[in-house]
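Accompanying notes for the structure given below.
The values are calculated or read from the model by the stated rules, or taken from the named source; none is laboratory data. Source: prediction; values computed, not measured. Note that each Cβ is placed from the backbone with ideal geometry, even for glycine, and that neighbours are counted across all protein chains shown.
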2 protein chains.
Amino acid sequence: MKNENCVKVIPLGGLGEIGKNITAIEYRDEIMVIDCGISFPEEDMYGVDLVIPDISYLLDNKEKVKGIFLTHGHEDHIGSIPYFLKQLNVPIYGTRLTLGIVEIKLKEHGLLNSSELHAVEPGDKIELENFKVEFIRNNHSISDSCCLAIFTPVGVILHTGDFKVDYTPIDDKVMDLKRISNLGSSGVLLLMADSTNVERSGHTISESSIGETLVKIFSKAEGRVIVATFASNIQRMQQIVNASVQYGRKVAFSGRSMENISKVAMELGYLHIPEHYMISVDEIRNYPNEQITIITTGSQGEPMSALARIAFSTHKTIKLEPNDLIIISASPIPGNGKFISRVINELFKKGAEVIYEALEEVHVSGHAYREELKLIHTLVHPKYFMPVHGEYRHLRHHSILAQRLGMESSNTFIMETGQVLELSENEAKISGRVPTGIVLVDGLGVGDVGNIVLRDRRHLAEDGILTVVVTIEKETYNIIAGPDIITRGFIYVKESEALINEAKEIVKKELDNCLENKVIEWYVLKSNMKKSLEKFLYEKTKRRPVILPIIMEI
Amino acid sequence: MKNENCVKVIPLGGLGEIGKNITAIEYRDEIMVIDCGISFPEEDMYGVDLVIPDISYLLDNKEKVKGIFLTHGHEDHIGSIPYFLKQLNVPIYGTRLTLGIVEIKLKEHGLLNSSELHAVEPGDKIELENFKVEFIRNNHSISDSCCLAIFTPVGVILHTGDFKVDYTPIDDKVMDLKRISNLGSSGVLLLMADSTNVERSGHTISESSIGETLVKIFSKAEGRVIVATFASNIQRMQQIVNASVQYGRKVAFSGRSMENISKVAMELGYLHIPEHYMISVDEIRNYPNEQITIITTGSQGEPMSALARIAFSTHKTIKLEPNDLIIISASPIPGNGKFISRVINELFKKGAEVIYEALEEVHVSGHAYREELKLIHTLVHPKYFMPVHGEYRHLRHHSILAQRLGMESSNTFIMETGQVLELSENEAKISGRVPTGIVLVDGLGVGDVGNIVLRDRRHLAEDGILTVVVTIEKETYNIIAGPDIITRGFIYVKESEALINEAKEIVKKELDNCLENKVIEWYVLKSNMKKSLEKFLYEKTKRRPVILPIIMEI
């Protein structure tokens, strides 16, 4: 009975990891969902394209789910929406730019017409049966980003989304600290706040500082300027456009996501390019180099991105030219350092000039540093606190930060994905766990690659495969053909003929031995062939290829 | 005839990359080799353990090679020595600690007795027929590190090795700047200098500053202190020992390389542990936790390292306990960030306290920053300059740094591995190229894994393999058994029975069609089976597994 009057907060992703943010908030027969993101595969998830959250808890409670409320338009907050909607079609609420980016995605999946999208303005409140959801403007590395205040029967939950505090953003729309302060004054039950940068001391630098650096760089550029940045960072785009206009440069966009998102941002009025200043990539050749800026994808060195193709001379229309100046206006996401380094080296080798974070201040973070986090904790002064968006180390440091500001340790909750925080007016406790996990997307397959397939792929990647085939006559136990051995990814076969021939002999001896002893269970035969081969190959090479024994019986 | 009087400088590794440093210096019938390192495999070199330089140029000139001169004992400078000596046994010259570490390696390869090692002291000069090689002390993140001055018939070549300038090193042995300055005054023909940190402005911090941080941290530690660092950083080890002794802690070493190198360093007098302060890992349990320090491998989060095993509870003797304090006294090498992050998260989850670079100054770099590089260029004031140890971007920035200090651009040489710099007293020019490259070590195999095997491993990793086998009677063209399909790493087979059955049908149809039309060339049959399967599978799954068609003929 008690549970009846509790609100449950259930993170289904985004805790203990950076990525695939999704949280369910439940009261009686109503569930609202905050965000619906993807994460990118770990480096040992070979062949996997995307990782999406397991939403079986929501599917099991289909009729309760009233909508998805989006904080902003980054992939780790909206990327799973198509996969979600294919299983459960619910209304989606978000600001205009956020929905504009969602629409691109839905179009690609053929879902646009069947989806129910509701555009909101910061300040708007959406009323559900038990919840009221207020969108509150914040700042982030994408425009139109919001915190969400969820008014529940037991109190207010404030979810910051991803945020930073920027007093001089490019669109002049400063985070609504007054509203947050007011909410704090009236009492916030639970704060859920972005933990990404909790290990960084001080305060982030304003996005507008990049503009100054860009102008300085543009003022000296003699040829084309090619700027790689995140396609979703409209304010960065705007500053690149502004610097270009100041120096009489036309602007072209290169890369699919860059073209798509800049188009949406212009249509919706988030990106302003003076008339005649925007050109297509094909029109570049109509202008002298010193009148051209290209804004491109590939700031992470992604091998198929426009910038990588420019560097390695595989871009269809853009060829590097003397005096080209490339600016990489981004930080490498952990794990991408080597990719971007390869691109930088190649650009330098081809004679281009390259400016990146190590050399000039051409990027700022979109996530609050410690002093900004302290500001929010101080303004909100919540009863309970749940750090979100971060690996365990970040969640833990954020929890300690809250405690240093006066919160009881027992009132902070470092949660795992799937754990349920049960909230009443006077109590918060972790009360259980719902099924969660990851679902891997590989090509058209959603969830058909799992641990066994991945384990095999890792094993195959490590030492390759050796297939041994033999045809046996069932009646007589005679070997009719084989054993034949075919390998892939194991060893240069030409240089190893002797090894392979010896391996065949070993299989043959093993088979003869088994068949003589009337061991005719194929699975025993196969297992023996495999074991003797494994032993032999490990002794000779210290490698353990996947061994695939095949018996054809006739 | 002119060439006769030239000195050739031939980098065989270490340019355009971080790692596997090796350079040949040649005059008439004499070659001396500087360093002989390994590099670690790129992330897409699946299954490869080590990358060593291709030394075929030296093997082709066997009789000329007079010795290997080592600057210091890091893997990227000595790691290939065993593989080198197995092909070409030449004398090796190095300082005592450097050779001590080389000996560990030679012992493992069973080469110790057959090798000729010559220990030198900094200041020593080794005379060859045409060259004189002087070892000059420098500072680095390993003790006993040196620059090499090579006196050649055409002038002096100064090779810095890896270095930083540390005015307060732990062993009080400051880089011999006076000797370098003297050499500069008498005239240096060519400077070859470390470029690793040329993108960092300012000056490195002294190793001794770490000691202060450690003492501060140790003063507050209530349980055991576990410090992970590089096994070769003896000065770091010494400081950890000093802080431990100051707080009455015994010191144990964990991890194979940590145990090996600390033992050598103590035997040779580079590491000093007061009597009774050193214990084995097994003795830890005889002391209360607050009297224990463990120095361990795993500062890069390597999955099999001691620290990772402690974190994931698979270490044989060391189990995590409440109040354990872990210090990660190292920076992640690019690409290792995710590994170390996993270990940090796990340690926190298990309740340990963890201190790392983001939180405290527990690591300093061993490579000179820009101001140190400027110092060396200014003291040496060489005629020609070749930046070494770095990716292209580093070499280029180092070349620009030299030019800003007054060197002509035409006197700086950004070289590629294998290019030959020909030096006379009045001229330097790139005159050609010798064969170079990489050799991959996988298990016992050296060089038997190359591009084809790696390509197959990458393909296998991406989408797995599908083997299709059929037994055909040669005389009648009848299918006697099969087609059978076996997959690994492709798809969950249980959930995909329909797909696999459909695939079998397609193969069967293709075969029937071929056999009816008397297409009986096995390679045509196989190719057709493969093509039709590829097309079918890509349509159904958007994946391209390796397809291995096998025909058994009877």
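At a glance:
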read-out: Residue list for the stretch A:322-368, filter: charged (D, E, K, R) and closer than 28 Å to A:Glu222 by Cβ; value: A:Asp324, A:Arg342, A:Glu346, A:Lys349, A:Lys350, A:Glu353, A:Glu357, A:Glu360, A:Glu361
read-out: Extreme residue, nearest to A:Leu347 (Cα to Cα), among residues of the stretch B:375-419 that are in a strand (DSSP E or B) and within 14 Å of chain A (Cβ to nearest Cβ); value: B:Gly390
read-out: Residue under evaluation B:Glu510, criteria (1) buried (at least 18 other Cβ atoms within 10 Å of the Cβ); (2) out of contact with any helix residue (DSSP H, G or I) (no Cβ under 7 Å at 6 or more places or on another chain); (3) among the charged types (D, E, K, R); (4) without any contact (Cβ under 8 Å) to a residue 60 or more places away in the chain, criterion not met; value: (2)
read-out: Residue within the stretch B:274-283 that is within 14 Å of chain A (Cβ to nearest Cβ) and either within 26 Å of the chain's Cα centre (by Cα) or outside any strand (DSSP E or B) (or both) present; value: no
read-out: Where B:Leu525 falls short, out of the listed (1) within 11 Å of B:Val470 (Cβ to Cβ); (2) without any contact (Cβ under 8 Å) to a residue 12 or more places away in the chain; value: (2)
read-out: Residue in the stretch B:154-167 that is more than 15 Å from B:Ile136 (Cα to Cα) and among the polar types (S, T, N, Q) present; value: no
read-out: Helices (runs of 4 or more DSSP H) enclosed by the stretch B:26-101 - at least 3 residues per element that are touching a residue at least 24 places away in the same chain (Cβ under 8 Å) and farther than 24 Å from B:Asn138 by Cα; value: B:56-60, B:81-87
read-out: Complete set of residues in the stretch B:420-445 that are touching a residue at least 12 places away in the same chain (Cβ under 8 Å), part of a strand (DSSP E or B) and either among the charged types (D, E, K, R) or in contact with a helix residue (DSSP H, G or I) (Cβ under 6 Å, 6 or more places away or on another chain) (or both); value: B:Glu422, B:Arg433, B:Asp442
read-out: Residue satisfying all of: in the stretch A:526-554; farther than 12 Å from A:Phe490 by Cβ and assigned to a loop (DSSP other than H, G, I, E, B); nearest to the other protein chains (Cβ to nearest Cβ) among these; value: A:Lys542
read-out: B:Glu516 being farther than 29 Å from A:Glu462 by Cβ and more than 7 Å from chain A (Cβ to nearest Cβ); value: yes
read-out: Among (1) of a type outside the set (A, V, I, L, M); (2) farther than 24 Å from A:Glu103 by Cβ; (3) in contact with a Lys or Arg (Cβ under 6 Å, 6 or more places away or on another chain) - the single one A:Gln239 does not satisfy; value: (3)
read-out: Segments classed as helices (runs of 4 or more DSSP H), wholly inside the stretch A:135-249, with at least 3 members that are surrounded by fewer than 17 Cβ atoms within 10 Å (Cβ to Cβ) and assigned by TED's automatic domain parsing to the domain that holds A:Met32; value: A:177-186
read-out: Selection from the stretch B:335-369 of residues that are closer than 14 Å to B:Ala308 by Cβ and of a type in the set (A, V, I, L, M); value: B:Ile340, B:Val343, B:Ile344, B:Leu347, B:Ala352, B:Val354
read-out: Every residue from the stretch B:446-467 that is in contact with a helix residue (DSSP H, G or I) (Cβ under 8 Å, 6 or more places away or on another chain) and either in a strand (DSSP E or B) or more than 14 Å from chain A (Cβ to nearest Cβ) (or both); value: B:Val446, B:Ile465, B:Leu466
read-out: Residue list for the stretch A:143-170, filter: of a type outside the set (S, T, N, Q) and within 11 Å of A:Glu207 (Cβ to Cβ); value: A:Lys164, A:Asp166, A:Tyr167, A:Pro169, A:Ile170
read-out: Pick from the stretch A:102-112, criterion assigned to a loop (DSSP other than H, G, I, E, B) and among the hydrophobic types (A, V, I, L, M, F, W, C), ranking: surrounded by the most Cβ atoms within 10 Å (Cβ to Cβ); value: A:Leu111
read-out: Sole exception among (1) more than 25 Å from the chain's Cα centre (by Cα); (2) under 19 Å from A:Thr317 (Cα atoms) for A:Ser254, by number; value: (1)
read-out: Set A:Leu395, A:Leu375: member being touching a strand residue (DSSP E or B) at 6+ places or on another chain (Cβ under 9 Å) and either within 17 Å of A:Asp162 (Cβ to Cβ) or outside the structural domain of A:Leu189 (by TED's automatic domain parsing) (or both); value: A:Leu395
read-out: Residue that is surrounded by the fewest Cβ atoms within 10 Å (Cβ to Cβ), among those in the stretch A:325-374 that are assigned to a strand (DSSP E or B) and within 11 Å of chain B (Cβ to nearest Cβ); value: A:Glu353
read-out: Any hit, the stretch A:485-495, residues being at pLDDT 90 or above, surrounded by 22 or more Cβ atoms within 10 Å (Cβ to Cβ), outside any strand (DSSP E or B) and more than 13 Å from chain B (Cβ to nearest Cβ); value: no
read-out: Test: B:Thr23 is in contact with a strand residue (DSSP E or B) (Cβ under 6 Å, 6 or more places away or on another chain) and buried (at least 24 other Cβ atoms within 10 Å of the Cβ); value: yes
read-out: Residue satisfying condition, being surrounded by fewer than 18 Cβ atoms within 10 Å (Cβ to Cβ), in contact (Cβ under 8 Å) with a residue 12 or more places away in the chain and of a type in the set (S, T, N, Q), within set A:Thr317, A:Thr293; value: A:Thr317
